[in-house]
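Structure record follows, encoded as structure tokens.
The values are calculated or read from the model by the stated rules, or taken from the named source; none is laboratory data. Please read all numbers here as calculations on a predicted model, not as lab measurements. Please note: Cβ atoms are built from the backbone with ideal geometry, for glycine as well, and neighbour counts cover all protein chains shown.
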Amino acid sequence: MVESIPDFLDWAIKRGVKLNGIEPQRIPGRGIGVIAIRDIQPDEIILEVPTKCLRTITTMPKARLRKCAETSVSVHGAIAADLTLDKSSKYTPWDAIVPSSGDLIGMPFYWPPELQALLPPHSRQLLAKQKAKLERDWSQMFTAFPELHVEDEGDLGRLEYEQNWLLVNSRTFYYLNAALKKWRGSTKDDHMTLQPVADLFNHADEGGCHVAFGSDGFTFRATRPHKKGEEVHICYGNHGGDFLLVEYGFVMAENCWDETLLDNVMLAKLDEKRKERLEEIGFLGSYVLDRNMVCHRTQVALRLMCCKVSEWMRFVNGNDDGEASQNAVDALLLQLLQEYAAWIDDMIARIPMLKIVEHEEDLDEMKDILVQRWRQIRQLLDKRIRSLEQGAQT
Ligand SMILES: C[S@@+](CC[C@H](N)C(=O)[O-])C[C@H]1O[C@@H](n2cnc3c(N)ncnc32)[C@H](O)[C@@H]1O
């Protein structure tokens, strides 16, 4: 399929999409993005997408929707099935500009298992969840639509479904209408729609425009000035780097929402008795370091390693502010972060050496993305290590 942004825009505008001062363009390393073609002022509406252009379960052929509704597939999985089964020409110009499988190598889902095994712990958890969710949807959909299961060597039907599922994952917007509200067992995660042109906005941690929908459709309003030629972003959510990597397939140079899990280092230091105590109060695992501090769960677990149990219990119950044990907690945290930082340096050195025969062509790019993610985590640790070291000196 030949990609043509102008043909796609013609098609979208004929269907009522209104662009004001913006234009989708190819941006190196980011696929297509949205660029300001004149200076844009805050509060200007830069894009409107009418309801009739949305693509969600309501726009599926009725018979297909009925079959999906008889299963326990998620809305996400049903839309992916619709994309895979749709052989009409209704969306051809839109389909032509959507990334192809070759553009998705940033997504750890497509990485060889040897490389997936070297992902940071939080990325690994998210990937396992993503795979399980996809597997559930696929098992529902290929039973309902046996034609999805193409009997050939590579199982093309499954590959196409996977790709569409991952595209739905990274290109839908929060949306609610009567049908989505009624979908059996639906949760917030099911309230979604695809929409043309808006799906070309790339992400920035602070965003640059506000997204809203009503009965007429979606509007995108600039929240800050943009100079002509500048990229206009939306914010996909306050996501850390592991989430962006696994769900969207990219890493960002700067991300004010970045965070990392310290579970591997923390759990290795906790003996069974302490783990049991933490489990009892619901504080075992999910130890987070963000750009400024470690979370309360981490403070609780660290205190258990350096205080008497009675003092720890008083802290847990809110009867002790923890001030008396803070220096010991900080010293232990510093030691753990330094050990983790040395381990990460070793990981960063090992990744480029990894030899995997399959995926030879794309392997260097995949490794590079993985190293970038580990470097970001290393920076988070460095920042905290520096401030703990300064604190120890004062
Ligand atoms: C909603 S689409 C945005 C349009 C997309 N760039 C395209 O070519 O169709 C989301 C995808 O865009 C890419 N993306 C979004 N924000 C990015 C960023 N800040 N840096 C690099 N890639 C980004 C990722 O591949 C992500 O999965």
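Okay, here's what the table says:
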| item | result |
| --- | --- |
| Candidate set: region 249-283, residues that are under 25 Å from residue 103 (Cβ atoms) and of a type in the set (Gly, Ala, Ser); chosen: the one farthest from the ligand (Cβ to nearest atom) | 253 |
| Selection count, region 200-233, where residues are touching a Phe, Trp or Tyr at 6+ places or on another chain (Cβ under 8 Å) and not in a strand (DSSP E or B) | 2 |
| Residue selected from region 227-243 under the condition away from the ligand (no atom under 13 Å from the Cβ) and under 27 Å from residue 168 (Cβ atoms), by the criterion surrounded by the most Cβ atoms within 10 Å (Cβ to Cβ) | 242 |
| Subset of region 164-184 (residues that are more than 14 Å from the chain's Cα centre (by Cα) and within 16 Å of the ligand (Cβ to nearest atom)) | 164, 174, 175 |
| Condition met for residue 208 (more than 14 Å from the ligand (Cβ to nearest atom), under 20 Å from residue 30 (Cα atoms), outside the structural domain of residue 124 (by TED's automatic domain parsing) and of a type in the set (Gly, Ala, Ser)) | no |
| Selection count, region 353-370, where residues are within 29 Å of residue 269 (Cα to Cα), surrounded by fewer than 17 Cβ atoms within 10 Å (Cβ to Cβ) and either within 25 Å of the chain's Cα centre (by Cα) or at pLDDT 95 or above (or both) | 0 |
| Identity of the residue in region 1-40, among the charged types (D, E, K, R) and more than 14 Å from the ligand (Cβ to nearest atom), that ends up surrounded by the fewest Cβ atoms within 10 Å (Cβ to Cβ) | 14 |
| Qualifying positions in region 80-105 - in a loop (DSSP other than H, G, I, E, B) and surrounded by fewer than 20 Cβ atoms within 10 Å (Cβ to Cβ) | 86, 87, 88, 89, 90, 91, 96, 99, 100, 105 |
| Which numbered condition residue 246 misses (of (1) within 13 Å of the ligand (Cβ to nearest atom); (2) surrounded by fewer than 22 Cβ atoms within 10 Å (Cβ to Cβ); (3) touching a residue at least 24 places away in the same chain (Cβ under 8 Å)) | (2) |
| Residue 289 under 23 Å from residue 375 (Cβ atoms) and either assigned to a strand (DSSP E or B) or more than 29 Å from the chain's Cα centre (by Cα) (or both) | yes |
| Breaking point among (1) on the phi > 0 side of the Ramachandran plot; (2) within 16 Å of the ligand (Cβ to nearest atom), for residue 54 | (1) |
| Residue selected from region 185-205 under the condition touching a residue at least 60 places away in the same chain (Cβ under 8 Å) and of a type in the set (Ser, Thr, Tyr), by the criterion farthest from the ligand (Cβ to nearest atom) | 186 |
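Each row is one residue, and each column tells you yes or no for (1) under 17 Å from residue 113 (Cβ atoms); (2) in a helix (DSSP H, G or I).
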residue: 335; (1), (2): no, yes
residue: 339; (1), (2): no, yes
residue: 349; (1), (2): no, yes
residue: 352; (1), (2): no, yes
residue: 358; (1), (2): yes, no
residue: 370; (1), (2): yes, yes
residue: 377; (1), (2): no, yes
residue: 383; (1), (2): no, yes
residue: 389; (1), (2): no, yes
